[in-house]
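Below is one structure, written out as structure tokens, with a few remarks after it.
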Amino acid sequence: MEIGAQFYTLRDKCTCIKDFSEALARIADIGFREVQISGVCSYEPEWLRDELKKNGLKCVLTHWGAEDLRDNTLEVIKKHKIFGCDNIGIGVMPGWVSWENYVAFARDFKEPAKLIKENGAKFFYHNHAFEFSRCPDGEYYFDKILNAFSPDELSITLDTYWAALAGIEISDLIPKLNGRLECVHLKDLAVVDNAPSMAVVGEGNINFEKLMPLFEKAGTKHLLIEQDDTHGECPFECLKRSYKNLKAMGL
């Protein structure tokens, strides 16, 4: 398994192409060799291809606009192929989670998922906490999503923070995702002033050392560090600490 950086953590540092370029270089200097591109400024796929190559990086996942992916699937696949990324993700279903939005997602993304598969790529869905709320029939929305798509149509980017916040036992969830779990968002959960708080990996309450063998057994390849909120700290320094903490765990 390889440790990567989720650029959503750095979104405020990547609001123009110059800053995005500098961020890629800084991430490479920390020691990362893989990245997920999400939340950054607009870029041309050829530009990203060249910047990744220059810095010895590989993009292993994106979060793409759901509507664009739904309506312009082949063009989105083409762009990903230019910068060498086979994993195309969305951060959430359009409109967020409700019964109506789930039904629309399961219907509208069947064909895009099929096209992505036929073109040698994989479609990824990223969870928050609300996918673990219950549908009108009592089942979790998360399970509905899994059942609406076959494993070769839909993979999952498991976000550890949101699953833990939802009260889900992550060690029980991982085996259910065997074959769908190439990419994981490592995000720690701490308790600060009696409230949940995103934390540097290894500085919160999630037992990542316990989870690592389970991820490996489930086929995870890319461990992508993400911290949406760095609480005023430099996001590069937070990613660096997370990286060092994971390396100290033997990764």
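Here, each number is a calculation from the coordinates, and none is a lab measurement. The shown structure was predicted, so the numbers you read here are calculated from the model rather than taken from an experiment. We place every Cβ from the backbone using ideal geometry, glycine too, and count neighbours over all the protein chains shown.
Residues in the stretch 186-209 that are under 14 Å from Lys244 (Cβ atoms) and either assigned to a loop (DSSP other than H, G, I, E, B) or more than 17 Å from the chain's Cα centre (by Cα) (or both): Val200, Val201, Gly202, Glu203.
If you go through the stretch 181-227 and keep only what is closer than 19 Å to Thr62 by Cα, charged (D, E, K, R) and in contact with a helix residue (DSSP H, G or I) (Cβ under 7 Å, 6 or more places away or on another chain), you end up with Lys187, Glu226. For the stretch 65-106, taking the residues that are surrounded by 21 or more Cβ atoms within 10 Å (Cβ to Cβ) and among the aromatic types (Phe, Trp, Tyr), the one that is farthest from Glu44 (Cα to Cα) is identified as Phe105. Within the stretch 9-59, the residues that satisfy the criterion of being more than 17 Å from Gly89 (Cα to Cα) and of a type in the set (Val, Ile, Thr) are Thr15, Ile17, Ile27, Ile30. Screening Pro112 against (1) in contact with a helix residue (DSSP H, G or I) (Cβ under 8 Å, 6 or more places away or on another chain); (2) under 30 Å from Asp50 (Cβ atoms); (3) surrounded by fewer than 21 Cβ atoms within 10 Å (Cβ to Cβ) leaves a single unmet condition, (3). Scan the stretch 123-145 residue by residue and report those that are touching a residue at least 24 places away in the same chain (Cβ under 8 Å) and of a type in the set (D, E, K, R). Listed by number, the residues that qualify are Glu131, Lys144.
Listed by position, the helices (runs of 4 or more DSSP H) enclosed by the stretch 122-178 that each have at least 3 residues that are over 24 Å from Ala195 (Cβ atoms) are 141-148, 170-176. Here the helices (runs of 4 or more DSSP H) wholly within the stretch 8-114 that include at least 1 residues being under 30 Å from Asp137 (Cα atoms) are 66-71, 99-108. Of the residues Asn55, Asn119, Asn101, the single one that is farther than 29 Å from Gly179 by Cβ and among the polar types (S, T, N, Q) is Asn55. Checking the structure you have, find out if any residue of the stretch 175-189 is among the hydrophobic types (A, V, I, L, M, F, W, C) and surrounded by fewer than 17 Cβ atoms within 10 Å (Cβ to Cβ). Checking the stretch 175-189: not a single residue is among the hydrophobic types (A, V, I, L, M, F, W, C) and surrounded by fewer than 17 Cβ atoms within 10 Å (Cβ to Cβ).
Output yes when any residue across the stretch 45-54 is under 30 Å from Ile3 (Cβ atoms), under 17 Å from the mean Cα position of the chain (by Cα) and crowded, with 18+ Cβ neighbours inside 10 Å, and no when none is. So far as the stretch 45-54 goes, no, none of its residues is under 30 Å from Ile3 (Cβ atoms), under 17 Å from the mean Cα position of the chain (by Cα) and crowded, with 18+ Cβ neighbours inside 10 Å.
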